[in-house]
Structure formats: C-alpha cells, structure tokens
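The values are calculated or read from the model by the stated rules, or taken from the named source; none is laboratory data. Only a predicted model underlies this, so the values are computations on that prediction, with no experimental measurement involved. Here the Cβ positions follow ideal geometry from the backbone for every residue, glycine too, while neighbour counts run over all protein chains shown. Note: accessible area is taken over every heavy atom of the protein model, side chains too, but ligands, DNA and RNA are not part of it. Shrake-Rupley method; radii C 1.70, N 1.55, O 1.52, S 1.80 Å.
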Amino acid sequence: MFILEQGQVERLCQTYLGGNATSVEKITGFQADVYLVQVGRLRAVLKCYRQPHQAQREAQALNMLRQYLHGLNLPEVIAVHQPGEPGEALVLTYIHGSPASHELESPIEIDHFADDFVDWLRGLHAISCEMGFQDETGQWHATFAQAYQSDLAARVAWLNGADAAQWISAPLRADLIELATQFARLPESNRQTSSIIHGDAHAANFLVDPDTHRLCGVIDPGLVRFSHCELDLVQLDTVRPDLKLLGNYLKKSNFDDAVRLRLAYFGVFCNVRQIAQTGVCDEAMLIRNIAKVQRLIANTRLVAAA
C-alpha cells in the first residue's frame, strides 16, 4: 500500500499549481487519500491513490463523461502524476458543493435530491450508442450479454490467480466461480439498448449546493462507458440507503420482474472487482451477498441451460 510521504502534497502543489499550499484538508477515501488545497486564489483537489493504475483511468472517465454531461459541474483534469507507478496522483480543479451523503437531513431535502438525482441519471442513461455495449476494457460487443461475459471471464481469471488466493478463502472463490457460470441463465432485461453509465453512482459521488441542497455536481466516476444502465443501479443504495435512490429509479422506470435478481448478481462481481483493486475483502458481506443471489435465483424462472 502506498503511504503519502511527508512533503508530497507540497511538491504536487509546486509542480502543478505553481506555489505552496496555504491550506490543506485531508479526506481519507476507500481507494485514495484526497487533499483539498488552496494555492493563492486557486482551489484544487489532489487524489493520491493507494494502488497504481487508477489515476489515468479516472482521468479518462472524467473526460468521457464530460462529453455527455449537461447542467452539472464536473472536475477538470489538471495533471496525472506518475501514472502507473507507486505514488501516482490526479490533480483536479475544485468544484463547489458537498457530497449529498453528508449534507442531506430533512425529509424535504431528501425527496428533492432523490427526484433531481434520479431524473438526471435517467436522462444520462437515455444516451445510447449504435455500436452496442462496451466491456470494462472498452471493447465493443453487439449485446450486453457478450460484454458482461467478457468482464466475468476477467473476474474468474483473477479468482483463479495468486492475488485472489491471498485475500479470499478457497471455498468462497469456488462459490464465486460457480456463480459466474449462472449468468447465461438469468432472465435478460427488457431494456436492450446501451446507456452511458457513471460507473460508481451513489450519494457520496454527487454534490449538492450547501445553501439550496439541490444537485449541482458529479465526482469520482468509475468505468464510464456504454453498457447496460442496470450496472449503474447496483451501488445506488450502498451509501445512505435512507435516500431510497434505487426505489425511486425503479418506480420511474419500467423494468421486468427479474431486475432485483440481476442487480444482486452484478453487485457480487462488483464486490470482486473492488477486492482486486484494493486488496480488502469482507468475506462475511460477500457470503451474505451470494446467499441473497441464491435466494432470488430459487424464486425466479431461469433460462434453461444450454
């Protein structure tokens, strides 16, 4: 794990922002330590990642999302420091706002945000591409099933490797590999078109104006690409479930009855990807999530095995 050495913040400020920081606020994140810095009249954000190969990915995600983002603020990339090496960092412009997960308290504020957010996200998901669906590497496929099978193959390859063996017990890895084989039997979504997705949509990654508490900004995208909109719903209730963002989205949409099963399934392999990125595994949570998928499978008419 990379530990930010003393003076690194100052060197980043001098190299990319042209001076010394007059104030620094640190926020400890899941995959990176974030520093809000003031250099003269300029406010900026330094994201110092614990694992390499994250900064360039996020820079690309921000630049892609910017092409389709309307009406909300999004940080701009100032620089990518030491991409792919220990100590890599992303230098971003600061945008005004507070994470919705930290700011919202009253029922009226929560209802307004939930409506604003879900309407915005559904508008983003309405943007499709005739080329089809992209997998996590950016390769195009004619169907979502083909794209997701490609991603599942990468998950299974990792689960069979040495890194996974360090962090996940053998029985649990075997259960995950078996679960991966069940994807082809899940009922397909009644939504067949691709959507541009944020890739890590939850309340902590969307900003509200501190005065009005209305949606104003977007941060920390995941793997932005044209995929299935359901992948963007997996994390909606992981932060501040009391906001009921997933329920709001489903209520305003017209998904088939198997949507909850697919979301639970996608959630398990989203957990696996996060473990691969961070080396942190909560086996008890993973076991509960697998059990949830198995319960939903038991109550769903599956596609016959080929």
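Determine the share of the chain's accessible area contributed by carbon and sulfur atoms, expressed in whole percent, with a 1.4 angstrom probe.
On the chain, the fraction of accessible area on carbon and sulfur atoms equals 51 percent.
Kindly write out, for the stretch 119-130 in residue order, the coupling ³J(HN,Hα) from the Karplus curve 6.51 cos²θ - 1.76 cosθ + 1.60 (θ = phi - 60°), rounded to whole Hz, with x marking Gly and Pro.
Values, residue by residue: 4, 5, 5, 5, x, 4, 5, 6, 7, 10, 9, 5 Hz.
Over the Cα atoms, compute the radius of gyration (one decimal) and Dmax (the largest Cα-Cα distance, rounded to a whole number) for the stretch 210-254, in Å.
Radius of gyration, then largest Cα-Cα span, for the stretch 210-254: 12.5, 35 Å.
Give the average over all directions of the projected area of the C-alpha convex hull of the stretch 174-306, one decimal, in nm².
Seen from a random direction, the Cα hull of the stretch 174-306 projects 9.7 nm² on average.
How much length is gained on full extension from Asp209 to Asn73, taking 0.36 nm per residue of separation minus their Cα-Cα distance?
Result: 47.9 nm gained on full extension.
Using each residue's phi in the stretch 49-64, evaluate 6.51 cos²θ - 1.76 cosθ + 1.60 at θ = phi - 60° and report the 3J(HN,Hα) Karplus result to the nearest Hz, with x for Gly and Pro.
So the J values, rounded to whole Hz, are 7, 7, 10, x, 6, 10, 5, 5, 4, 5, 4, 5, 5, 4, 5, 6.
Any chance you could list P(r) for the stretch 114-156, counting all Cα-Cα pairs in 5 angstrom bins from zero, rounded to whole %?
It works out to 5, 21, 19, 16, 14, 14, 8, 1, in whole percents.
For the stretch 1-86, would you read off the P(r) tail past 15 Å as a percentage of all alpha carbon pairs?
61 percent
Using square roots of five times the C-alpha gyration tensor eigenvalues, list the equivalent-ellipsoid semi-axes of the stretch 140-243 in whole Å, biggest first.
With the √(5λ) rule applied to the stretch 140-243, the semi-axes are 30, 20, 13 Å.
Net charge within 12 Å of Ala201 by Cβ-Cβ distance, Lys/Arg positive one each and Asp/Glu negative one each, not counting Ala201 itself?
Local charge sum for Ala201: -4.
Which value, in Å to one decimal place, does the Kirkwood hydrodynamic radius take for the stretch 77-225 when every pair of different Cα atoms is included?
In the stretch 77-225 this quantity evaluates to 18.6 Å.
Please give the direction-averaged projected area of the C-alpha convex hull for the stretch 1-147, in square nanometres with one decimal.
The directionally averaged projection comes out at 11.3 nm².
Restricting things to Cα coordinates, could you compute the convex hull volume per residue of the chain in Å³?
142 Å³
Once you treat every alpha carbon in the stretch 63-146 as an equal point and sum by Debye, what is log10 I(q)/I(0) at q = 0.19, 0.22 Å⁻¹?
Computed log10 I(q)/I(0) values: -1.10, -1.12.
Counting every Cα pair in the stretch 167-223, what percent are over 19 Å apart?
More than 19 Å apart: 63 percent of the Cα pairs in the stretch 167-223.
Quick check on packing: order 19-26, 146-153, 221-228 by the mean number of other C-beta atoms within 10 Å, highest mean leading.
So the peptides 19-26, 146-153, 221-228, ranked by packing, come out 221-228, 146-153, 19-26.
Given 0.36 nm per residue, what is the gain on full extension from Ser150 to Ala165 after removing their alpha carbon distance, in nm?
Stretched out fully, the Ser150 to Ala165 stretch lengthens by 3.2 nm.
With the crude spin-label approximation of a point 7 Å out along Cα→Cβ, what separation in nm comes out for Ile27 versus Arg288?
2.6 nm
Tell me, what is the FRET efficiency for Ala184 and Gln56 to the nearest 0.05, using R0 = 30 angstrom and their Cβ-Cβ distance as r?
0.35
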